[in-house]
Amino acid sequence: MKKNILCTVLSGLAVLGFVGEAVAQPQINRSAYFLGGATYRHELNPAFMGERGYVSMPGLGNLSVGAQGTAGVGDFLFVKSNGDLMTFMHEEVSRKDFLNGLPNRLKMGFNVNENILSTGFYAWGGFNTIGLSIKSNTNLSAPDQLFKFMKNGVDAPEGTRYTVNDLSILSTNYAELALGHARQINDQWTVGAKMKFLVGLAKATVKIDRLDIEATPDAWKITPSGAQAFFQVKG
C-alpha cells in the first residue's frame, strides 16, 4: 500500500515545507531513509514514525561522520600489494599517481553529528521525538600546491619554492534541540513536523591569501601574506 508523506521543518523563525520528499542533512546516513526499522529515520524525514519507542544516551547514541568534496577518499588512500591501505604520504605511492588525481583546487567539507540525548515515544495520537545533539561543520579550500609541498618536500639540491594561494578554513559548531511529532491521518497519509532550536557554540575562520614556501635541505621558510584568523566562542 502506497503512503503519501508530508513533512515540515521549523528551524528558528524559518519555515520550510516539503511534500513527499526527505529533509536530508549531510551528516546523516542517507541509506537509513530506506530502512523501515531504522531508529533515526525521522532525522531524514520527520513524518516517519518509529516502530517502537527508544532512549539514547551519550556513548550509546547516533554518532555520524560525513565528508564531501572535489576529491574522494581514493585520492588520498592507496592499496598496497598485500591489500593493506596506505596514505598518499607513504613512500610506495609515487608523486605522479597522487598528484595527477588531484583537482587544481581541493574543496572538502567534514560533518560530525553526536547525539547527546534523544528519545522517541508514542503519545498524543502520534509518535514524538526529542533530541539534543552537537554538530560540527568544517570546510576547507586549498590549491593543489599545498599537497605538492606535502608530498614532494625538497626535490632539488638547491631547494624548492611553492606558492599556495587562497587557503581558507571555516568551522562552525553548535548545539541543536529538536522536537518532532508525526501521526498517521489515514491509510494513505502520514504527516510530521519538527521544530529545531540552534545555539552557537564556537566558530573559527582562517584565511590566507598567499603562502610563500621555500624548502631547502637545511630549513623550511614559510611566509604568509594577507593572513586572517577569527575565533569566536559563545559564552
- Item | Rounded to whole Hz, the Karplus (6.51, -1.76, 1.60) HN-Hα couplings of the range 140-157, x for glycine and proline | 10, 10, 8, x, 5, 4, 5, 7, 5, 5, 5, 7, 7, x, 8, 10, 8, x
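Rank the residues His90, His42 as a footprinting-exposure proxy: fewest other Cβ atoms within 10 Å of their Cβ go first.
Fewest-to-most Cβ neighbours within 10 Å comes out as His90, His42.
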- Among Tyr54, Tyr162, which comes first, second and so on when ranked by fewest other beta-carbon atoms within 10 Å? Tyr54, Tyr162
- Short version: ³J(HN,Hα) in whole Hz for each residue of the range 99-110, in order, from phi by Karplus 6.51 cos²θ - 1.76 cosθ + 1.60 (θ = phi - 60°), x for Gly and Pro, what are they? 6, 5, x, 8, x, 4, 10, 9, 10, 9, x, 10
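No value in this document is a laboratory result; all are computed from the given coordinates. In this text the structure is predicted, and so the values were computed from the model without any measurement. Using ideal geometry, Cβ is built from the backbone for each residue, glycine included, and neighbour counts are taken over all protein chains shown.
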